[in-house]
Number of protein chains: 2
Amino acid sequence: MSYRRPTVGIVGAGQLARMMAQAAIPLDIRIVLLAACADDGAAQVVPEVIVGAPDDPSALAALAERCDVMTFDHELVPPEILANIEAQGHRIWPSSSSLALAQDKRRQRLELSAAGFSVPAFANLDRPEDMAEFGERHGWPIVIKASRGGYDGRGVWIAGSLEEAESVWNGAQQSGTVLLAEELLPLDLELAVLVARRPSGQVAVYPPVETVQRAGICRELRVPANVRANLVAEAVRIAREIAERIGIVGIMAVEFFVSRGMLYVNELAPRPHNSGHWTIEGAVTSQFEQHLRAVLDLPLGGTDLTGDAVVTINLLGDGSGSDPRIRLGTALAAGKAHVHFYGKEARAGRKIGHVTAIADSVKSADSQARRVIDALTGNLPA
Amino acid sequence: MSYRRPTVGIVGAGQLARMMAQAAIPLDIRIVLLAACADDGAAQVVPEVIVGAPDDPSALAALAERCDVMTFDHELVPPEILANIEAQGHRIWPSSSSLALAQDKRRQRLELSAAGFSVPAFANLDRPEDMAEFGERHGWPIVIKASRGGYDGRGVWIAGSLEEAESVWNGAQQSGTVLLAEELLPLDLELAVLVARRPSGQVAVYPPVETVQRAGICRELRVPANVRANLVAEAVRIAREIAERIGIVGIMAVEFFVSRGMLYVNELAPRPHNSGHWTIEGAVTSQFEQHLRAVLDLPLGGTDLTGDAVVTINLLGDGSGSDPRIRLGTALAAGKAHVHFYGKEARAGRKIGHVTAIADSVKSADSQARRVIDALTGNLPA
């Protein structure tokens, strides 16, 4: 009898699907993609591609028919369609209900807070007067967030005054965007913890990573994070507890604020995440392999670092019309950091790749990765 | 202007092409395969596949048209067809002449010996009396090899007497196989050194790996090799000199015998090689990425180990009809060694995967890898 490869269907064909496909090869896991466009990053490197929209019930059903378990490159999938597919007996991890929670920041905050996890002070903004009330209670500026659909700084505003808040409100009314308010915490730094859980219950947690953000976009990852050991232990404990409480299956990133030495849970992302790209070379098991193992209910892998320190720097398009990929040769000559391209055009502000360096200190890894990024962006001193 | 990805065409679609395809993803290198069968290991994971024979001139020409540089998963390609394609201005690395040298063991021995490298005593077997003469001069048993086409122990015979040698000779006469004889050295151990060279001349050499063979098939790789430092340095020097002398482009494996503390060059393989699989997790740059960089004339990467010691054990089909892939879960639970499957059915004696462990000693890496191999082959104690 010939062997039947386990098959994972992925909704979406961006860089996360692309890196999952790469991780699937050694384990002989078959990948089928549902790609919005035939030339999406992952569709360039996977033979089996269904072209269709991630909110098209028939495209999702076709993907479900062709795989043992369905998972995601992104969260822009209507949970109610997924619930229908689950009801027909197909496995979907993360489940439609985990995905619904991830999509809804209001619900996330409420449930995490109700469960006793520290989160920033927050309130739903349902009436214009809710903004004034929140600003008075917590002080200006306040953070306003779209409850759904934001990423890379989109859907997040800092309102310095009631007038600014009202301007956000008016824009949101026009687009039908549901809002919440959040206190603006003074940040020591931001952390993320990747946690993986499989259906049978095994959990694996990665060491916390320090995420360096600029204009709402994650620019750099540093491991070990520059925080005290008790904070590391607490972040790991919280990530594990959240994963078990919501019964997540697959990788989940738990993003934290660290403010005045205290941890606050910011957001959950139930899939491989930008904050985990350091694990490809920097951890015993990459987040992409770990996610595939988890959704197929295979034993999880080790999460230890492969070196003393790991730094990953994201490569962003600068909109100059010059594609960093033409400088690959210069970059490879600039150092031994690992270069990853996502197969995407270099539009301004778009994450199009990353670079990872492993060294004996964060400082040294940072300067190695930086040199290669500078070479890719044309900023290397001659 | 949109970016044009560099494209590498690979003749053959076995595990070497499959692992090259995996390494190509992060560097955004496009791969086009010439596969004998549409379901070959690499063809399962690469979207662009030409199905055709590796000795079909029109299939090879079609591959050349679709890539910037052509390279190889195996050596079973007629060099004269490649020379024609080169003459039309296509780049092929390793070149048709390097490939011709690799295919011809008589010529390899002669050229290496003429260039002053230590090789085992050898002679062409052109007449029946050549065997008696060689046996008398060097003592029985002698090694008889087919000059072309052997691998994994095929095409190599140990003849204990003239009678046994004559039986090999008679078989070879019937199949038209050209033979050479070689002294049977008492082996301390066997080594291989991977060396990479790019057209512009840069050379990178990996640390020597100890290759453990059984019945002519490589079963295990150990790094660092258990030899004195001066032997390591000499093996590295010889590999570099051979690469420069023959002007190889790409990865080449130089296989050595160590006999009574002395190095003898055995064979050259001008492509990623089984003896280099440890580099995927065990070296800063894997042999597959290194090969792609070299054939595209990109700067070569670091060759340092990522840990203290690396052991790779090959997974062979046992012909029992039971496919080791069904035991993936048990294997992943058995340890943190990295599992690689090649997408091949488990026919007896066929290399169908490998397992790599990194640890603080060869002994510890060996026992970690062994445990996972035992789990895959169903030999793990309960």
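What are the label-to-label distances in nm, one decimal and shortest first, from A:Gly247 to the same spot in the other copies, with labels 7 Å along Cα to Cβ?
When each copy's label point is compared with this one, the spacings are 6.8 nm.
Viscosity 1.567 mPa s, temperature 4 °C: give me the Stokes-Einstein translational D for region A:220-312 in µm²/s, with Rh taken as the Kirkwood radius over C-alpha pairs.
Diffusion coefficient, whole number: 93 µm²/s.
Considering the dipole of the protein assembly as shown built from charges on the beta carbon (Lys and Arg +1, Asp and Glu -1) around the Cα centre, which of B:Leu292, A:Leu315, A:Ala359 is farthest to its positive end?
A:Ala359
Strictly over 28 Å apart at the Cα level, which of B:Lys145/B:Lys336; A:Lys344/B:Lys351; A:Lys344/B:Lys344; B:Lys145/B:Lys351; A:Lys336/B:Lys336 would you flag in this model?
Listed pairs above 28 Å: B:Lys145/B:Lys336; A:Lys344/B:Lys351; A:Lys344/B:Lys344.
Using every Cα-Cα pair within region A:251-382, state what percent have a distance larger than 27 Å.
Tail fraction, whole percent: 28.
In region A:210-307, what trypsin sites (Lys or Arg not before Pro) fall in a loop by DSSP, with at most 15 other Cβ atoms inside 10 Å?
Answer by residue number: A:Arg228, A:Arg260.
Using Cα pairs under 8 angstrom and six or more residues apart, how large is the relative contact order of region A:1-160, in percent?
That works out to 16 percent.
Once Lys and Arg get +1 and Asp and Glu get -1 on their Cβ, which of B:Leu187, B:Trp140, B:Ile50 lies farthest toward the positive end of the dipole of chain B?
Among B:Leu187, B:Trp140, B:Ile50, the one farthest towards the positive end of the dipole of chain B is B:Ile50.
Out of the trypsin sites (Lys or Arg not before Pro) in region A:141-211, which ones are loop residues according to DSSP with at most 13 other C-beta atoms within 10 Å?
A:Arg154
Amide H neighbours of B:Ser259 under 5 Å, at least 5 residues apart or on other chains, H built in the peptide plane: list them.
When sequence neighbours closer than 5 places are left aside, the close amide H contacts are B:Asp188, B:Tyr264.
About its Cα centre, how strong a charge dipole does chain A have in debye, to the nearest 20, once Lys and Arg get +1 and Asp and Glu get -1 at the Cβ?
The calculation lands at about 900 debye.
Measuring from label point to label point, each 7 Å out along Cα→Cβ, what is the B:Ala115 to B:Ala333 span in nm?
Output for this residue pair reads 5.2 nm.
Taking the Cα centre of the protein assembly as shown as origin, sum charge times position over the Cβ atoms of Lys and Arg (+1) and Asp and Glu (-1), and report the length of that vector in debye to the nearest 20.
That gives a dipole near 460 debye.
For A:Val227, list long-range residues whose amide hydrogen, built 1.01 Å from N in the peptide plane, is under 5 Å from its own amide hydrogen.
Sorted by chain and number, the residues that satisfy this come to none at all.
Let me check I've understood the local charge: for A:Ala192, count other residues with C-beta under 9 angstrom from its C-beta, Lys and Arg +1, Asp and Glu -1. What total comes out?
My count for the surroundings of A:Ala192 gives -3.
Based on the Kirkwood radius over alpha-carbon pairs, what is the Stokes-Einstein translational diffusion coefficient of the protein assembly as shown at 37 °C with 0.692 mPa s viscosity, in µm²/s?
The estimated diffusion coefficient comes to 117 µm²/s.
Residue by residue through region A:182-187, what is 3J(HN,Hα) from phi via Karplus (6.51 cos²θ - 1.76 cosθ + 1.60, θ = phi - 60°)? Round to whole Hz and write x for glycine and proline.
With coefficients 6.51, -1.76 and 1.60, one gets 8, 5, 8, 7, x, 9 Hz.
With labels modelled as points extended 7 Å from the Cα through the Cβ direction, what inter-label distance (nm, one decimal) is found for B:Arg127 paired with A:Gln88?
Result: 7.8 nm between the two label points.
Quick one: in chain A, what % of C-alpha pairs are over 41 Å apart?
Pairs farther apart than 41 Å: 11 percent.
Can you check what the net charge comes to around A:Asp55, using other residues whose Cβ is under 12 Å from the Cβ of A:Asp55 (Lys, Arg +1; Asp, Glu -1)?
Net charge in that neighbourhood comes out at -3.
Assuming R0 = 51 Å, can you tell me the calculated FRET efficiency for the pair A:Glu244 and B:Ser167, based on Cβ-Cβ distance, to the nearest 0.05?
E(calc), rounded to 0.05, equals 0.15.
Rounded to the nearest 5, what is the percent of antiparallel bridges among the DSSP beta bridges in the protein assembly as shown?
80
List the distances, in nm to one decimal, from the label point of A:Val178 to the label points of the same position in every other copy, shortest first, placing each label point 7 Å from Cα along the Cα-to-Cβ direction.
List, nearest first: 7.7 nm.
Can you work out the Karplus-derived ³J(HN,Hα) for every residue in region A:333-345? Use 6.51 cos²θ - 1.76 cosθ + 1.60 with θ = phi - 60°, whole Hz, and x for glycine or proline.
Once θ is set to phi - 60°, the couplings for region A:333-345 become 6, 7, x, 9, 5, 8, 9, 10, 10, 9, x, 10, 5 Hz.
How much net charge surrounds A:Ala346 when only other residues with a Cβ under 14 Å from its Cβ are counted (Lys, Arg +1; Asp, Glu -1)?
Local charge sum for A:Ala346: +4.
Trypsin sites (Lys or Arg not before Pro), restricted to region B:1-47: which are DSSP loop and have at most 15 other Cβ atoms within 10 Å?
Here the sparse-neighbourhood loop sites are B:Arg4.
Nothing charged except the Cβ atoms of Lys and Arg (+1) and of Asp and Glu (-1): what's the magnitude of the dipole of region A:4-139 about its Cα centre? Round to the nearest 20 debye.
460
Describe numerically, in nm with one decimal, the distance between label points set 7 Å from Cα along Cα→Cβ at A:Leu189 and at B:Ser361.
For A:Leu189 paired with B:Ser361, the spin-label model returns 3.6 nm.
Given an 8 Å cut-off on Cα distances and at least 6 residues of separation, report the relative contact order of chain A as a percent.
The value is 13 percent.
In nm, what does the list of distances from A:Trp140 to its counterparts in the other copies look like, shortest first, when each label sits 7 Å along Cα to Cβ?
So the distances to the same position in the other copies read 10.3 nm.
For a quick check: sort A:Ser175, A:Ser113 by the number of other beta carbons within 10 angstrom, fewest at the front.
A:Ser175, A:Ser113
We did not get these values from a lab; they are worked out from the coordinates using the rules stated. Note that the coordinates shown come from a computational prediction; the quantities given were computed from them, not determined experimentally. Note that each Cβ is placed from the backbone with ideal geometry, even for glycine, and that neighbours are counted across all protein chains shown.
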